[in-house]
1. Determine the sum of side-chain charges near Glu171: Lys and Arg each +1, Asp and Glu each -1, restricted to other residues whose C-beta is under 14 angstrom from that of Glu171.
2. Counting Lys and Arg as +1 and Asp and Glu as -1, what is the net charge of the other residues whose Cβ lies under 10 Å from the Cβ of His109?
3. Tabulate in residue order the Karplus-calculated ³J(HN,Hα) for segment 162-170, using 6.51 cos²θ - 1.76 cosθ + 1.60 with θ = phi - 60°, rounded to whole Hz; enter x for Gly and Pro.
4. If you put +1 on each Lys and Arg Cβ and -1 on each Asp and Glu Cβ, how big is the dipole of segment 12-192 around its Cα centre, in Debye rounded to 20?
5. Once both labels are modelled 7 Å past Cα along the beta-carbon direction, what's the Arg137-Gln80 spacing in nm?
6. Using θ = phi - 60° and the Karplus form 6.51 cos²θ - 1.76 cosθ + 1.60, what ³J(HN,Hα) does each residue of segment 150-157 get, whole Hz, x for Gly and Pro?
7. What is the spin-label model distance, in nm, from His109 to Asn23 if the labels are put 7 Å beyond Cα along the C-beta direction?
8. Would you mind calculating the relative contact order of segment 1-96 from Cα pairs under 8 angstrom and at least 6 residues apart, reporting the percent as a whole number?
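What follows is calculated from the coordinates using simple rules that are stated; it is not laboratory data. Fair warning: this is a prediction, and the values are worked out from it, not measured in the lab. Cβ sites come from the backbone with ideal geometry, for glycine too, and all protein chains shown count toward neighbours.
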Amino acid sequence: MSAVMNGTECLYGFKIIMIGDGNVGKSCILYRYLNGLFPEKINCTIGVDFCNHILEVEPGVRVQLQIWDTTGHEAFWNRQLIQPYIPHSAGCLLVFDLGNRESFRVIKHQYTEVCNRVNPYTVLFVLVGHKCDRNEREVNQEEVEQFASELGAPYIEASAITGHNVAEAFELLARRIYQGYLSGEVRLHERWGKIHENKTNKDEPAGNSKCSVS
Ligand SMILES: Nc1nc2c(ncn2[C@@H]2O[C@H](COP(=O)(O)OP(=O)(O)OP(=O)(O)O)[C@@H](O)[C@H]2O)c(=O)[nH]1
């Protein structure tokens, strides 16, 4: 991760984790956000993927987002293979499929795991009801809004196919983290947060990289 050098460099680095049941479309959301397209072919995530992306959260303030895309498959969660990647996350996109009731149940469970794993740090959430391009819905608006209000998190409906609200979900989360940091609501882990002059994060990959960990 690069250090502060001038006004165009990143001042902050935020780790963001994407959580949700298998097949809810997390990898497609990320692909759409990074490439502006729906992927022609996407493989099931094996373990965890990550990538870096730079975003301006307000004029003149650039942050480096390190976005971790996790597999939602229960076998990985049950074997505690995903949970170790959760610590140091400042933000979390909780993704469920609006047409799949089970994915809404799973996201509630995974939400609790995220909270436990980041403790004593705070993680900020955005709840994403995905695949809103489809007409079939198994989760009704009221219960989603109820859950979002319990979390104190914004709720957004998105579609990687149409691109609706995909960038908005990431940007909303990044801006929430930034504002939370400024207001003191969020205490960022020392390995993340503000990128200090001449300090490089040796533990994490540099640049716009992408790799898999399984
Ligand atoms: N209708 C609809 N289908 C989508 C959308 N995004 C993804 N899909 C489909 O959902 C399926 C799963 O997408 P992935 O991105 O692999 O899902 P994932 O959550 O990353 O899955 P895991 O890696 O198994 O955890 C694929 O068949 C996609 O084509 C969307 O916006 N709308």
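1. Details: positive: Arg32, Arg62, Arg175, Arg176; negative: Glu56, Glu58, Glu168.
For residues surrounding Glu171, the net value is +1.
2. Values: positive: Arg105, Lys108; negative: Asp21, Glu74, Glu113.
Result for the local shell: -1.
3. 8, x, 4, 6, 6, 4, 4, 4, 5
4. Values: 17 positive and 22 negative charges, 99 e Å.
Around 480 debye, computed over segment 12-192.
5. For the pair Arg137/Gln80, the computed spacing is 3.9 nm.
6. Residue by residue, segment 150-157 yields 4, 7, x, 10, x, 10, 9, 9 Hz.
7. A separation of 1.6 nm, rounded to one decimal place.
8. Values: 166 pairs, mean separation 39.9, N = 96.
Relative contact order here is 42 percent.
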